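Trainee: Once you've had a glance at the structure underneath, I'll fire off some questions.
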Amino acid sequence: KRIDGLFVACHGKGPDLFVEFQGYKDPSIYWRCFRQVATWREQNPGSTRPFLMVILFLHRDLDPGPPPELAGSAFPLKRAYLPECLEGIGGRPTPLVVLEPLVLKDAEALKERAPRWREALDALNLSAKDRRFWIELLQYAVLQRFATMGLKEVEEMLQLTSLDKTVAGQELIAIGRQKGLQEGLQEGLQKGLQKGRQEGRQEGLQKGELIGEIRACQRVLKMVVTPRETLREMSLAELRALLSKLDDKL
């Protein structure tokens, strides 16, 4: 029974925006939104800011129209329709293009428009982290609208390259391997004093290379990078198993 979104202006001016995204027919949608706003104001009795309830319908035919009691009331309400909102963008590059798959009628239009969505996101000069965020939302929207498509098919259609296949990704992995070799050499020399120089050197090189590859893969996958000290405590079998799981994700 929670509202989909509550937007509060950072500068403190203008009304709070309660936003409900509606993608299916619900004859009670207006009363539901009225209840959600009333519940929030009840839970936040100190709020005296003006507000506006916005219902964003996926299509116009999903709008049952406000009931007479609300239509004639002073309840601040605005309804909008996603296709018309997207048309209002006017072809300008904006992250909101990730919502366009939701309003398409068939897969042919999807294949035609997919390159334009990718170009729009590229034109925004986003950071790698932000671009990945919007790309994931775009993929999610496509998969929601066309449930029979697989993720690999969507990636190929959008001409997306997995990060481990890009130059930057390969450089990160190469750097990780080089660091792993250096760490392994140092660790191998230390272990050589206890287990025999040659045996310790070999095991240290293997563990060091695995550690370097694991940490490089974690960076590529935007995961928390495991400290070297933690990885050094793991056995070769444990390190290989961990690297195998990361390779599957890549």
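Trainee: So which residues in region 211-238 are more than 18 Å from GLN178 (Cα to Cα), modelled with pLDDT of 85 or more and among the β-branched types (Val, Ile, Thr), if there are any at all?
Mentor: THR230
Trainee: Restricting attention to region 69-93, which residues are closer than 16 Å to ALA38 by Cα and surrounded by 12 or more Cβ atoms within 10 Å (Cβ to Cβ)?
Mentor: LEU70, SER73, PHE75, PRO76, LEU77, listed by residue number.
Trainee: Whether any residue in region 104-115 is modelled with pLDDT of 85 or more, assigned to a loop (DSSP other than H, G, I, E, B), touching a Lys or Arg at 6+ places or on another chain (Cβ under 7 Å) and not polar (S, T, N, Q) is what I want to check.
Mentor: yes
Trainee: Additional query: Name every residue in region 6-39 that is among the hydrophobic types (A, V, I, L, M, F, W, C), open to solvent by 30 Å² or more (accessible area, probe 1.4 Å) and closer than 18 Å to ALA74 by Cβ, in order of residue number.
Mentor: LEU17, TRP31, PHE34, ALA38, listed by residue number.
Trainee: Report, by residue number, each residue of region 138-155 that is at pLDDT 85 or above, over 15 Å from ARG113 (Cα atoms) and either among the aromatic types (Phe, Trp, Tyr) or open to solvent by less than 50 Å² (accessible area, probe 1.4 Å) (or both).
Mentor: The one that is at pLDDT 85 or above, over 15 Å from ARG113 (Cα atoms) and either among the aromatic types (Phe, Trp, Tyr) or open to solvent by less than 50 Å² (accessible area, probe 1.4 Å) (or both): TYR140.
Trainee: Using the structure shown, decide if ASP122 is within 21 Å of LEU250 (Cα to Cα) and in a helix (DSSP H, G or I).
Mentor: Considered against the rule, which asks whether it is within 21 Å of LEU250 (Cα to Cα) and in a helix (DSSP H, G or I), ASP122 comes out as no.
Trainee: Run down PRO64, PRO76 and say which single residue is farther than 25 Å from LEU137 by Cβ, at pLDDT 90 or above and touching a strand residue (DSSP E or B) at 6+ places or on another chain (Cβ under 9 Å).
Mentor: PRO76
Trainee: For GLU42, work out the one condition from (1) in contact (Cβ under 8 Å) with a residue 24 or more places away in the chain; (2) open to solvent by 60 Å² or more (accessible area, probe 1.4 Å); (3) charged (D, E, K, R) it doesn't fulfil.
Mentor: In the conditions (1) in contact (Cβ under 8 Å) with a residue 24 or more places away in the chain; (2) open to solvent by 60 Å² or more (accessible area, probe 1.4 Å); (3) charged (D, E, K, R), GLU42 misses (1) alone.
The values are calculated or read from the model by the stated rules, or taken from the named source; none is laboratory data. What you see is a predicted model; the values in this text were computed from it and never measured. We place every Cβ from the backbone using ideal geometry, glycine too, and count neighbours over all the protein chains shown. These accessible areas exclude ligands, DNA and RNA; they are computed on the full protein's heavy atoms, side chains included. Shrake-Rupley method; radii C 1.70, N 1.55, O 1.52, S 1.80 Å.
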